[in-house]
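Before any comments, here is the structure.
The values are calculated or read from the model by the stated rules, or taken from the named source; none is laboratory data. None of the values given here were measured: they were computed from a predicted structure. Note: ideal-geometry Cβ built from the backbone for every residue, glycine included; neighbour counts use all protein chains shown.
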Amino acid sequence: MPANPAFRNIYNELDQAPTDLAVPASALAIGAHPDDIEFGAGGTLAKWAAAGCEVTMLIVTDGSKGSWDPDVDPTELARRRVQEQAAAAAVLGATAVRHLEHVDGELEYTMALREIMCRQVRQVRPEVVISHDPWRRYQLHPDHRATGWAVMDGVIAARDHLFFPEQGLDAHRPNAVLLWSADESDHFEDIATQFDTKIEALLCHSSQGTTTMGGAEQADDKRDSFVARMRSWAGEQGKPAGLGLAESFKRITP
Ligand SMILES: [Zn+2]
């Protein structure tokens, strides 16, 4: 471990190095919307999938509010986004995509949502869970906050058998939870080799070109500036660990 106390992870009893987890056999990535997982962890998941990890992507909402087009049909948009997600998953090498189809923008953190996350973790039985950081300050999107809380509390419920025994599923404890865009990052995955794959997966979400990718679907120069922004963000994320291009996370041992 580096001397920098910023790397200290009080939850991590194993005191592992703060970069590049050993490739897990299975990972469950949970995003509020189609494209959230690719932004936060697309490079890491592509790296793991290429090394044999079974990657399951779980999308909580239907993405039906993800447009600034006044004439958009939300039902049609949701349908299109399922297809975009499938294409992005194929680029990353993910094994499965699950959609919970909650209404975009209206997700609330409830005991029912916690039960759903617990069920997903117990069914998929991943070594690593990856999702939104609910502790991140000023996280604007309500779906990101609600998903983050439900995932964290769902992981604890999945771990302890007295939660939701009516599910009839065995308890399951992942080895690690990684939270992307974290309030305090303390874990870093090198994505230098996977950066282009991450971009390719993001660009599969062509319905989001205007809202989250600066018009990347409209013109070459806009796509180039989106890629440049993503490259600069990956560089920033890698800096604390001395990596060129990285995805940074908060790592928690549940
Ligand atoms: Zn989102």
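Evaluate the following for R98: is it away from the ligand (no atom under 16 Å from the Cβ) and within 14 Å of the chain's Cα centre (by Cα)? So that I can check it myself, show each step before the final result.
Details: away from the ligand (no atom under 16 Å from the Cβ): yes; within 14 Å of the chain's Cα centre (by Cα): yes.
So R98 fits the description; yes.
Candidates are the residues of the range 121-162 that are of a type in the set (D, E, K, R) and either within 14 Å of the ligand (Cβ to nearest atom) or more than 24 Å from A49 (Cβ to Cβ) (or both); the one that is surrounded by the fewest Cβ atoms within 10 Å (Cβ to Cβ) is R137.
Would you point out the residue of the range 57-89, among those that are among the β-branched types (V, I, T) and surrounded by fewer than 23 Cβ atoms within 10 Å (Cβ to Cβ), that is nearest to G238 (Cα to Cα)?
Taking the range 57-89 first, the residues among the β-branched types (V, I, T) are 59-61, 72, 75, 82.
Narrowing further to those that are surrounded by fewer than 23 Cβ atoms within 10 Å (Cβ to Cβ): 72, 75, 82.
Working: V72: 38, T75: 39, V82: 31 Å.
Among those that are among the β-branched types (V, I, T) and surrounded by fewer than 23 Cβ atoms within 10 Å (Cβ to Cβ), it is V82.
Could you go through the range 197-218 and let me know if any residue there is of a type in the set (D, E) and farther than 29 Å from D62 by Cβ. The answer is no; no qualifying residue exists. On inspection, G105 does not qualify as within 16 Å of the ligand (Cβ to nearest atom), of a type outside the set (S, T, N, Q) and at pLDDT below 95. In summary, helices (runs of 4 or more DSSP H) completely within the range 176-254 and bearing 2 or more residues that are out of contact with any Lys or Arg (no Cβ under 8 Å at 6 or more places or on another chain) and at pLDDT 95 or above occur at 195-203, 220-238. Determine if the range 115-126 includes at least one residue that is of a type in the set (S, T, N, Q) and more than 14 Å from the chain's Cα centre (by Cα). For the range 115-126, residues of a type in the set (S, T, N, Q) and more than 14 Å from the chain's Cα centre (by Cα): present.
Can you spot a residue in the range 152-159 that is closer than 23 Å to G63 by Cα, within 17 Å of the chain's Cα centre (by Cα), among the β-branched types (V, I, T) and at pLDDT 95 or above? No: zero hits.
Checked against (1) in a loop (DSSP other than H, G, I, E, B); (2) under 17 Å from the mean Cα position of the chain (by Cα); (3) free of Cβ contacts under 8 Å to residues at least 40 places away in the same chain, L162 passes all but condition (2). Output the residue which, of all residues in the range 30-52 that are in contact with a helix residue (DSSP H, G or I) (Cβ under 8 Å, 6 or more places away or on another chain) and more than 13 Å from the ligand (Cβ to nearest atom), is nearest to G238 (Cα to Cα). Taking the candidates together, the pick is G43. The condition of being farther than 30 Å from E76 by Cα, aliphatic (A, V, I, L, M) and assigned to a helix (DSSP H, G or I) holds for only one of V151, V155, that being V155. Kindly indicate whether L178 is within 30 Å of D224 (Cβ to Cβ) and free of Cβ contacts under 8 Å to residues at least 12 places away in the same chain. So L178 fails the test. Close Cβ contacts (under 8 Å, 6 or more residues apart or on different chains) running from residues in the range 127-146 that are over 21 Å from A22 (Cα atoms) to residues that are among the aliphatic types (A, V, I, L, M) and away from the ligand (no atom under 15 Å from the Cβ) comprise D133/A182; P134/M152; W135/A182; R136/A182; A146/L113. Within the range 36-48, residues that are within 13 Å of S131 (Cβ to Cβ) have Cβ atoms under 9 Å from residues that are part of a helix (DSSP H, G or I) and within 9 Å of the ligand (Cβ to nearest atom) in these pairs: D36/D143; D36/H144; D36/T147; F39/T212, counting only partners at least 6 apart in sequence or on another chain.
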